[in-house]
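Notes for the one structure printed next.
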Amino acid sequence: MKQVGWIAGTSAAVLVAAGAITYAVAEDGGSDTDAPSANSADAGFARDMAVHHQQAVEMSYIVRDRTKNEEVRRLAYDIAQTQSNQRGMLLGWLDLWDLPKVSSAAPMTWMGMGDMASGKDGALMPGMATNTQLKKLNTLSGKQAEILYLQLMTSHHQGGIHMAEGCVEKCTVGVEKKLAQGMVDAQQSEIELMAGMLKARGATADQ
């Protein structure tokens, strides 16, 4: 019961923080004159990272149902909750800026890397899992599911960090840049955590 209360309290705190950041962005870049353009790095990052995050949430929910290991389930819960909340903020900012949530331009065009996103087998951006890999994760259970999830999420985080670093460099909305830097720091920490979890299972990040 104590743990449930802690989780609920943490989720509430995250949601309150998310709301505060959203309003801060409204003040930082939400007016008609100051809002980023549809082709800006701010808008491109918001659109692309929302898609990137959605897959991380999906993978985390898959592994939650494929293993009973509390360590992996806790990590998956944390990733799903954090990235779901961040995704809501990113899409909310696009609404505040009155910008479309989709673009005809290739993903990562805002980084000057639109040609890197082939979309082959569903992997729209670097680091994203393919449809084949997601299907495989759905067929595994126990230790095998844990290892594949940790490997896929490590690659996913590496791709996400690359994109977030692009926003830190190119975005103009201050609060969005801060969120992107926070993503870099948090996901790097999780990569280190997952490396230890993989080692404990006799595996590495290489698939």
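How large is the direction-averaged shadow of the alpha-carbon convex hull of segment 141-191, in nm²? Walk me through the numbers on the way to the answer.
Working: hull surface 14.2 nm².
That works out to 3.6 nm², a quarter of the Cα hull's surface.
Using packing as a proxy for protection, rank 38-46, 174-182 so that the peptide with the highest average count of other Cβ atoms within 10 Å comes first. If you can, show how the numbers build up before the last one.
Numbers: 38-46: 22.2, 174-182: 19.4.
Top of the packing list down: 38-46, 174-182.
From the C-alpha gyration tensor of segment 104-181, pull out the three semi-axes of the equivalent ellipsoid (sqrt of 5λ each), sorted largest to smallest, in whole Å. Write out the running numbers ahead of the final one.
Numbers: eigenvalues 158, 53, 12 Å².
That gives 28, 16, 8 Å for the three semi-axes.
Along the charge dipole of segment 81-207, pointing to its positive end and built from +1/-1 on Cβ of Lys, Arg, Asp and Glu, which listed residue (A186, M89, T204) has its Cα farthest out?
Toward the positive end, the furthest listed residue is T204.
In the neighborhood of H156, defined by Cβ-to-Cβ distances under 11 Å, what is the net charge if each Lys or Arg adds +1 and each Asp or Glu adds -1? Write out the running numbers ahead of the final one.
Details: positive: none; negative: E58, E190.
Surrounding charge for H156 is -2.
Can you pull the Kirkwood radius for segment 35-117, inverse mean 1/r over Cα pairs, to one decimal in Å? Don't skip to the end; give the middle numbers.
Numbers: mean 1/r = 0.0723 Å⁻¹.
Kirkwood hydrodynamic radius for segment 35-117: 13.8 Å.
What is segment 72-207 by shape, rounded, prolate or oblate, if you read a ≥ b ≥ c off the alpha carbon gyration tensor as root eigenvalues and call it rounded for a/c under 1.5, prolate for a/b larger than b/c, and oblate otherwise? Write down the numbers at each step before the final one.
On the way: a/c = 1.98, a/b = 1.58, b/c = 1.25.
Note, shape of segment 72-207 comes out prolate.
Which FRET efficiency value, to the nearest 0.05, is calculated for K68 and S37 with the Förster distance at 35 angstrom and r the Cβ-Cβ distance?
Working: r = 48 Å, r/R0 = 1.38.
Once the sixth-power term is evaluated, E becomes 0.15.
Could you pull out which residues in segment 62-85 have an amide N less than 18 Å from a spot 7 Å beyond the Cα of T139, following the Cα-Cβ vector?
Residues 62-63, 66-67 qualify, since their backbone N sits under 18 Å from the label point.
Values quoted throughout were computed directly from the atomic coordinates according to the rules given, and no laboratory measurement underlies them. Not measured: the values here are computed from a predicted model. When we count neighbours, we look across all protein chains shown, and the Cβ atoms used for this are built from the backbone with ideal geometry, even at glycine.
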